[in-house]
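**Q** Before I ask anything, here is the structure I am working with.
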């Protein structure tokens, strides 16, 4: 991939929390650049602050020190424009049907009537949710709900996508299906993605670059370029030697973090 | 439950009702000691008898009575619905506002707790003094009860709105107003709806207590009860009580239907 300009620039980012009256560093001096159209995965043991970093990019958490800029604009406790966020937790609105959930972002932007209906219909079809437009989330499986959450985010066409373990609660099979779907959607639009996960195979399957974090206080341990060709077949990929090589290399590094913890 | 399972249950219910009515009629008709006046197995003076109640009901339902049972029931129902509507709407707005404004909630908290711990019945004379004998006093009394039920529920609901739902709305481009309309209000409403069934029952209680004191100008079934106490007329009292029971059930079922419709997105309300 040709070198592209950085869209997310993180410099000496630090976050400390107060815990039992003393300061505990969750994230320490993190420097990361995320380039335009790049798919970056952030992996690390739980509690390493990877979600906190994502929340600081998204303006949900204010840094204790250091800066985050998105498209040159410092993120300052506000949600940056043009950024979509998919949560690990189920954030589909339970009182809205599938179609009305997907329509939310359009509704907020004043896109109504036929235009809204068309875009929602397209998104529903793209997510394979045709026939479930009028279903309430409670009647859907976890995988379907996460599809709704993903399409709800994508329907307003954000250029930057922050994803916090979006498939963390799903079973392996559903996870793989959603990996394939996410990659297909990404191939079509090439959003800039920051994807947080603790699942190394997920990170390798999806990302251009994998950033391995140390355990708390989290800082960058390794930045690794994943040299697997695209488009990737999420199933076949796992049988290739190239995948095994990438996995082995990263697992060794990540394993050190798990080992130290134990 | 299937229709086949439902039938025996229904039959048993009807059988029990019939047995009770027969026992009531029979035991209030036989003397405990023969020919001694007043000594019944069950004294109809206190609890009347089904035949007497039906007769009184027929009289009160006919045009002969000065105040028919229909007029009284209508008065009670109307006041209850008004008290309910005013209580629910004001309680909802207050709960929503205080639920989202932490500072304001902390300022008002002691007043709300103090007023709510006051037994509402104790307010009846004061409310009567202010609003006079009549319909308004009954509605105000129902309102003071319903308001707090709905207020506390909505307040809790508005407070416990999932922060991640608000965040996701913000990422989708929602303004503060839009967040209020599409996230806070719907989540709080789920809590508000849950308070509607108790609210209608308590509105009815408030109205009947108000009618005890409200006199004829307030009318209603509560007035019939107090009047029957004055004339020691157990049959009329039973007519009023049974009517109130029917009204209470019909209103509770009606509200539950509304609730089911409004909360149809919840798994527990799915058919």
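The values are calculated or read from the model by the stated rules, or taken from the named source; none is laboratory data. Since the structure is predicted, the reported quantities are computational estimates derived from the model, not experimental observations. Please note: Cβ atoms are built from the backbone with ideal geometry, for glycine as well, and neighbour counts cover all protein chains shown.
**Q** Examine segment B:134-146 for a residue that is surrounded by fewer than 17 Cβ atoms within 10 Å (Cβ to Cβ), in contact with a helix residue (DSSP H, G or I) (Cβ under 8 Å, 6 or more places away or on another chain) and in a helix (DSSP H, G or I), and state whether such a residue exists.
**A** no
**Q** Further question on the same structure: Does residue A:128 fit the bill of being touching a residue at least 24 places away in the same chain (Cβ under 8 Å) and in the same structural domain as residue A:49 (by TED's automatic domain parsing)?
**A** no
**Q** Something else: Going by the conditions given, is residue A:177 over 19 Å from residue B:173 (Cβ atoms) and free of Cβ contacts under 8 Å to residues at least 24 places away in the same chain?
**A** no
**Q** Just to check your reading of the model, which residue among A:242, A:236, A:180, A:149 is within 30 Å of residue A:117 (Cα to Cα), at pLDDT 90 or above and over 14 Å from the mean Cα position of the chain (by Cα)?
**A** Checking each option against the conditions leaves just A:180.
**Q** Sort out which residues of segment B:169-186 are closer than 23 Å to residue B:262 by Cβ, assigned to a helix (DSSP H, G or I) and at the interface with chain A (Cβ under 8 Å from one of its Cβ atoms), and write them in order of number.
**A** B:169, B:178, B:182, B:183, B:186 - these are the residues of segment B:169-186 that are closer than 23 Å to residue B:262 by Cβ, assigned to a helix (DSSP H, G or I) and at the interface with chain A (Cβ under 8 Å from one of its Cβ atoms).
Rundown of residues vs (1) buried (at least 18 other Cβ atoms within 10 Å of the Cβ); (2) under 28 Å from residue B:75 (Cα atoms), yes/no style:
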residue	(1), (2)
B:102	no, no
B:106	no, no
B:112	no, no
B:121	no, yes
B:128	yes, yes
B:148	yes, yes
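**Q** Further question on the same structure: What number goes with the only condition from (1) touching a helix residue (DSSP H, G or I) at 6+ places or on another chain (Cβ under 8 Å); (2) more than 20 Å from residue B:158 (Cα to Cα) that residue B:90 does not pass?
**A** (2)
**Q** Here is a list: A:93, A:39. Which entry is surrounded by 17 or more Cβ atoms within 10 Å (Cβ to Cβ), under 19 Å from residue A:158 (Cβ atoms) and not assigned by TED's automatic domain parsing to the domain that holds residue A:228?
**A** Unique residue meeting the criteria: A:93.
**Q** I've got another one for you. Right, residue B:268: within 14 Å of chain A (Cβ to nearest Cβ), under 30 Å from residue A:109 (Cβ atoms) and surrounded by fewer than 16 Cβ atoms within 10 Å (Cβ to Cβ) or not?
**A** Answer is no for this residue.
**Q** Just the residues that are within 14 Å of chain A (Cβ to nearest Cβ) and either in contact with a strand residue (DSSP E or B) (Cβ under 7 Å, 6 or more places away or on another chain) or assigned to a loop (DSSP other than H, G, I, E, B) (or both), please, taken from segment B:217-265.
**A** Listed by number, the residues that qualify are B:263, B:264, B:265.
**Q** Right, next: Residues that are facing chain B (nearest Cβ under 10 Å), closer than 15 Å to residue B:172 by Cα and in contact (Cβ under 8 Å) with a residue 24 or more places away in the chain: does segment A:138-151 have at least one?
**A** So far as segment A:138-151 goes, yes, one or more of its residues are facing chain B (nearest Cβ under 10 Å), closer than 15 Å to residue B:172 by Cα and in contact (Cβ under 8 Å) with a residue 24 or more places away in the chain.
**Q** Looking at A:129, A:170, which one is touching a helix residue (DSSP H, G or I) at 6+ places or on another chain (Cβ under 8 Å) and over 23 Å from residue A:55 (Cβ atoms)?
**A** Checking each option against the conditions leaves just A:129.
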